[in-house]
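> Sharing a structure, written as structure tokens. Questions coming.
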Ligand code: 0X9
Ligand code: ZN
């Protein structure tokens, strides 16, 4: 059964998205943006002032990497807040009135279910690779911007296998097609991952910084301040290459360079390695609360 305080199965997440959207009336709608390799539906919930379109929009995806279970959980908490606190919370009301929110909580459902049932530390998708007995590509090395330039592998058995070609995976293809269809309104891209406690900006393919890096850093610092205010956790703000490592073909670089979304971020949620990917259930709520506060501050900063 679905619960915001547990790690949920993919089908339960999608059922909850449908029921949440129908309970929120004209402020919400559901779009099925594609199908995973093994036939699971990629469901985006749109939350905004009305069924008509806002001129500004924010995209949030979660669960690109299968084992990072806190990521879908944090996106569901965000959805619950935006939908169910609209009438009681003036912050929520202003954010829903100002932006269309497009949120995809389960971006790699085959990998997520595989990590749930067979291998807790599975990272990639579950597509077949011709000529190899290893499955899957890294959906965060599969995007068509500087694809395979650095920090990615051409070995299908590697955890950072970039795929046979860019957008070889139906999951990344569905995401990019949808994002391109909304790109004129999207102002911010947020991809939720774990772990390490970072707010990462482009670029991940080079040590060079984007020309508007100061703007991205300012909004990132606002997010980190929002997070710190909840439980005191420190998140490091900086470009992926400079504060983490170089890795090309990731969604954030594509969102900025190709879709033209100025404010593009990868959030690496808690912790810093004690539990790592296997974050205990007891930390779901505090992690979701701090992530929510960070995203609120980032959205307010670009309003
Ligand atoms: O390596 C990744 O894909 C991300 N870290 S994770 O531990 N969740 O796998 C970081 C991606 C940062 N962005 C770029 N390198 N462009
Ligand atoms: Zn990740």
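Any read-out appearing in this document is the output of simple, stated calculations on the displayed coordinates, not a laboratory observation. Just so it is clear, the model here is predicted, and its values are computed rather than measured. Every residue, glycine among them, receives a Cβ derived from its backbone with ideal geometry; neighbour counts consider all protein chains shown.
> Hey, fewest Cβ within 10 Å first, where do 175, 303, 188 land in order?
Details: 175 28, 303 10, 188 23.
Neighbour counts put them in this order, fewest first: 303, 188, 175.
> Taking springs between alpha-carbon atoms closer than 10 angstrom, which of 18, 177, 61 fluctuates most in the Gaussian network model of the chain?
Result for the chain, Cα springs under 10 Å: 177 fluctuates most.
> I've got another one for you. In whole percent, what relative contact order does the chain give with Cα contacts below 8 Å and a gap of six or more residues?
Details: 700 pairs, mean separation 61.8, N = 303.
Reported relative contact order: 20 percent.
> Run the simple label-point estimate for residue 285 and residue 234 please: 7 Å along Cα→C-beta, distance reported in nm.
2.8 nm
> In deg cm²/dmol and to the nearest 500, what is the mean residue ellipticity at 222 nm of the chain if only DSSP H runs of at least 4 residues count, each as -39500 (n - 2.57), divided by the residue total? Intermediate results must be reported in sequence, preceding the final value.
Working: 9 runs with 108 residues, N = 303.
That calculation yields -11000 deg cm²/dmol at 222 nm.
> Once you've got the GNM for the chain with C-alpha springs shorter than 10 Å, pick whichever of 247, 257, 152 has the biggest mean-square fluctuation.
Top of the fluctuation ranking is 257.
> Most mobile of 275, 69, 59 per a Gaussian network model of the chain (Cα springs, under 10 Å)?
275
> In nm, to one decimal, how far is the modelled label at residue 221 from the one at residue 177, with both set 7 Å along Cα→Cβ?
Calculated label separation equals 4.2 nm.
> Rank these for me by crowding, 103, 30, 45, going from fewest to most other beta carbons within 10 Å. If you can, show how the numbers build up before the last one.
Details: 103 22, 30 16, 45 25.
So the ranking, lowest neighbour count to highest, is 30, 103, 45.
> Test of understanding: ordering 26, 211 by Cβ neighbours within 10 Å, fewest first, what list do you get? If you can, show how the numbers build up before the last one.
On the way: 26 10, 211 7.
Ranking 26, 211 by Cβ neighbours within 10 Å, fewest first, gives 211, 26.
> Could I ask something else about it? Considering only C-alpha atoms, what is the centroid distance from region 109-131 to region 83-99, in Å?
36 Å
> Hey, another quick one. I want to check the label-to-label distance for residue 208 and residue 303. Put each point 7 Å from Cα in the C-beta direction and report it in nm to one decimal.
3.6 nm
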